[in-house]
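Input: a single structure, listed below in structure tokens.
The values are calculated or read from the model by the stated rules, or taken from the named source; none is laboratory data. Being a predicted model, the structure only gives us computed values, none of them experimental. Using ideal geometry, Cβ is built from the backbone for each residue, glycine included, and neighbour counts are taken over all protein chains shown.
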């Protein structure tokens, strides 16, 4: 993770590199976006189209603030989407790192769409700190030893008014996001439920929190029949991790974040196709997100009460695995016919959502890589939001727009309840091909008190990418952490 500082006007430290952007509708206009101190030298060396996307050229700087100037093509407009800004920052970090630069000054002339000045600074500082993220843990020859260590940001453009305190907060959030990505990118042989619980507990204790971990015996005492059923096919025991941050008033009800944590999902008896089954190591990103939000709230010392609950298991086939046709009784006392063992996320979340009600929360938000149908519905651009509470919907959508973790609401009309009707139990865990994401949400709705504001975020499409995309690296994205924390901050108003 990069160390980010705010460059003062009288900073005498000389950096290895100075990164700036050419942006404008014409070559002449594009160079006007460069700082006046380096514009002349850049103009003499500029190519015919300096603002072209992906263009980059370098110029030696003798006696200047850095040894070398890097000019990146930034397109025609100085107002850009957050997604483009994130991609530009990652391009800068990777270019400077490959070139062997250790320190850099960054001039970023842009303003961001959909965000005010403070939100833009928060987003960009965090994105910059994460811009060199990679996961080289299992690379035996190339540990990806990075050259670039620190970036000093010029307080101009979207960074105008940036403070050292904002940089510190952004660094804290970036560390949490990196942790969430690391959890997701760790292969399932090194991240079974007990490993997840141990790592999150260590992070919690480092922040002065007291994590609570339910082992299999405790889960049985809680009568979490859904979690126990999904776990039956695995040699690894399930876990439930509870983190609490008490930053608000003692009597104030907490906000609950609940996460699906299937550390590997083979589909169970209803086994998945072999192709890309390895991607199912990311089926625990909902749990990682919920934990990350609580850790982030603790790092920022937010004056709110928050509880995070992660339900953790593997979903594997064996002679003891739960089967299609089984009927499961949940913690709430309700029953469900198992129509498909690969619809296991909702089965474990049912118990976790019911467990969250013990805290009498002011609201519940759950995160889950629940359905492949979410990817079919919205592609890679957004997660799906389900809620019956209009105010909660507006607040979450607004928060996502301002952290570039966009969500889109789909309906939960009562008529969809018929899709999960069972002849043998209170409901069944699937509802056919059509409206797959909606059917999953309708199942979860059965386990939440209708008077409690509740939202379900199906993050299957955005939790990880199989290639570099939209300024994100290959693998886990930590989608939802920023959104959750932004929403908590908004509630303080």
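For the reader, a short list of remarks on this structure follows.
- Of all the listed residues (243, 227, 209), the sole one being in contact (Cβ under 8 Å) with a residue 12 or more places away in the chain, in a loop (DSSP other than H, G, I, E, B) and touching a strand residue (DSSP E or B) at 6+ places or on another chain (Cβ under 8 Å) is 209.
- Subset tally (residues that are surrounded by fewer than 16 Cβ atoms within 10 Å (Cβ to Cβ), more than 19 Å from residue 181 (Cβ to Cβ) and touching a residue at least 40 places away in the same chain (Cβ under 8 Å)) for the range 124-153: 3
- In the range 417-434, the qualifying residues are those that are closer than 23 Å to residue 279 by Cα and touching a residue at least 12 places away in the same chain (Cβ under 8 Å), and the one that is surrounded by the most Cβ atoms within 10 Å (Cβ to Cβ) is 429.
- Residues in the range 450-474 that are touching a helix residue (DSSP H, G or I) at 6+ places or on another chain (Cβ under 6 Å) and surrounded by fewer than 23 Cβ atoms within 10 Å (Cβ to Cβ): 3 in all.
- For the range 275-283, the criterion of a residue being in a loop (DSSP other than H, G, I, E, B), farther than 25 Å from residue 478 by Cβ and at pLDDT below 95 is satisfied by at least one position.
- Output for the range 170-206, where each listed residue is over 25 Å from residue 351 (Cβ atoms) and not in a helix (DSSP H, G or I): 187
- If you go through the range 475-493 and keep only what is touching a helix residue (DSSP H, G or I) at 6+ places or on another chain (Cβ under 6 Å) and within 25 Å of residue 88 (Cβ to Cβ), you end up with 475, 476, 478, 480, 481, 483, 485, 486.
Yes or no, residue by residue, for (1) under 23 Å from the mean Cα position of the chain (by Cα); (2) under 19 Å from residue 447 (Cα atoms); (3) in the same structural domain as residue 183 (by TED's automatic domain parsing):
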residue	(1), (2), (3)
210	no, no, yes
224	no, yes, yes
231	no, no, yes
238	no, no, yes
259	yes, yes, yes
272	no, no, yes
278	yes, no, yes
293	yes, no, yes
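- Extreme residue, surrounded by the most Cβ atoms within 10 Å (Cβ to Cβ), among residues of the range 220-237 that are farther than 15 Å from residue 268 by Cα and touching a helix residue (DSSP H, G or I) at 6+ places or on another chain (Cβ under 6 Å): 224
- Any chance residue 447 is within 30 Å of residue 470 (Cα to Cα), over 23 Å from the mean Cα position of the chain (by Cα) and in a loop (DSSP other than H, G, I, E, B): no
- Residues (in contact with a strand residue (DSSP E or B) (Cβ under 9 Å, 6 or more places away or on another chain) and in a loop (DSSP other than H, G, I, E, B)) located in the range 450-477: 452, 453, 459, 460, 461, 462, 463, 466, 473, 474, 477
- Selected residue (criterion: modelled with the lowest pLDDT) from residues of the range 139-169 that are farther than 27 Å from residue 69 by Cα and assigned to a loop (DSSP other than H, G, I, E, B): 143
- For the range 424-442, the criterion of being modelled with pLDDT of 95 or more, farther than 16 Å from residue 339 by Cβ and out of contact with any strand residue (DSSP E or B) (no Cβ under 8 Å at 6 or more places or on another chain) is met by no residue.
- Those helices (runs of 4 or more DSSP H) lying entirely in the range 1-118 with at least 2 residues closer than 27 Å to residue 406 by Cβ: 82-98
- Cross-chain or 6+ apart pairs with Cβ under 8 Å, the range 1-30 first and over 26 Å from residue 46 (Cα atoms), then at pLDDT 90 or above and surrounded by fewer than 13 Cβ atoms within 10 Å (Cβ to Cβ): 5/164; 6/163; 6/164
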